[in-house]
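Worksheet: one structure, shown below.
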Amino acid sequence: MVREHAVLSVRPGQDAAFEAAFDEARAMIAQARGFHGLTLSRCVERPGTYLLLVDWERLEDHTEGFRGSAAYQRWSELLHRFYDPFPTVEHFEVVQTA
């Protein structure tokens, strides 16, 4: 299992529009092969900042499968216009849990 991590900085005043677009976009990612679930969280201390965590079976399910799909093209159309700056996406493997 691999967890995708992205801190999303949404343009000022666009939070509601971003959340509405994300609501539509999440159906696209949910159909991707290897997708196990996601959470989108809003930062309490920094308005306009979100944390996206997506669980994938394998790294390639995200980097090759989803990103190479028509669904990702639509995802991009819906969401990428909201980001400033564009987010860095990283992937993590669980080492310990409690």
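Applying the selection to region 2-18, what residues are farther than 19 Å from residue 35 by Cα and either basic (Lys, Arg) or not in a strand (DSSP E or B) (or both)?
Within region 2-18, 11, 12, 13, 14, 15, 16, 17, 18 meet the criteria.
Being touching a His at 6+ places or on another chain (Cβ under 8 Å) and among the hydrophobic types (A, V, I, L, M, F, W, C) is the filter here; which residues of region 33-52 pass it? Give the derivation first.
Of all residues in region 33-52, those touching a His at 6+ places or on another chain (Cβ under 8 Å) come to 34, 51-52.
Within region 33-52, 51, 52 meet the criteria.
What pairs come up if the first residue lies in region 1-30 and is at pLDDT below 95, the second is surrounded by 13 or more Cβ atoms within 10 Å (Cβ to Cβ) and in a strand (DSSP E or B), and their beta carbons are under 9 Å apart, counting only those six or more places apart or on different chains?
Pairs that qualify, where the first residue is at pLDDT below 95 and the partner is surrounded by 13 or more Cβ atoms within 10 Å (Cβ to Cβ) and in a strand (DSSP E or B): there are none.
Of all residues in region 34-46, how many are without any contact (Cβ under 8 Å) to a residue 12 or more places away in the chain and either surrounded by 13 or more Cβ atoms within 10 Å (Cβ to Cβ) or touching a helix residue (DSSP H, G or I) at 6+ places or on another chain (Cβ under 6 Å) (or both)?
Number of matching residues: 1.
Considering only region 57-98, state which residues are surrounded by 13 or more Cβ atoms within 10 Å (Cβ to Cβ), aromatic (Phe, Trp, Tyr) and touching a strand residue (DSSP E or B) at 6+ places or on another chain (Cβ under 8 Å).
66, 82, 83, listed by residue number.
So, in region 1-33, of the ones that are among the small types (Gly, Ala, Ser) and over 22 Å from residue 58 (Cα atoms), which residue ends up surrounded by the most Cβ atoms within 10 Å (Cβ to Cβ)? Talk me through it step by step, then tell me what you get.
Pass one, region 1-33, residues among the small types (Gly, Ala, Ser): 6, 9, 13, 16-17, 20-21, 25, 27, 30, 32.
From the residues that got through so far, the ones that are over 22 Å from residue 58 (Cα atoms) too are 9, 13, 16-17, 20-21.
On the way: 9: 16, 13: 9, 16: 9, 17: 13, 20: 11, 21: 18.
Here the residue is 21.
Under 7 Å between Cβ atoms, at least 6 apart or on separate chains: pull out the pairs that start in region 78-98 with a residue that is acidic (Asp, Glu) and end on any residue that is in a loop (DSSP other than H, G, I, E, B) and surrounded by 11 or more Cβ atoms within 10 Å (Cβ to Cβ).
Correct list of pairs: 84/11.
The values are calculated or read from the model by the stated rules, or taken from the named source; none is laboratory data. As the structure is a prediction and not an experimental result, all values here were calculated from the model. All Cβ positions, even for glycine, are placed from backbone atoms using ideal geometry, and neighbour counts span all protein chains on display.
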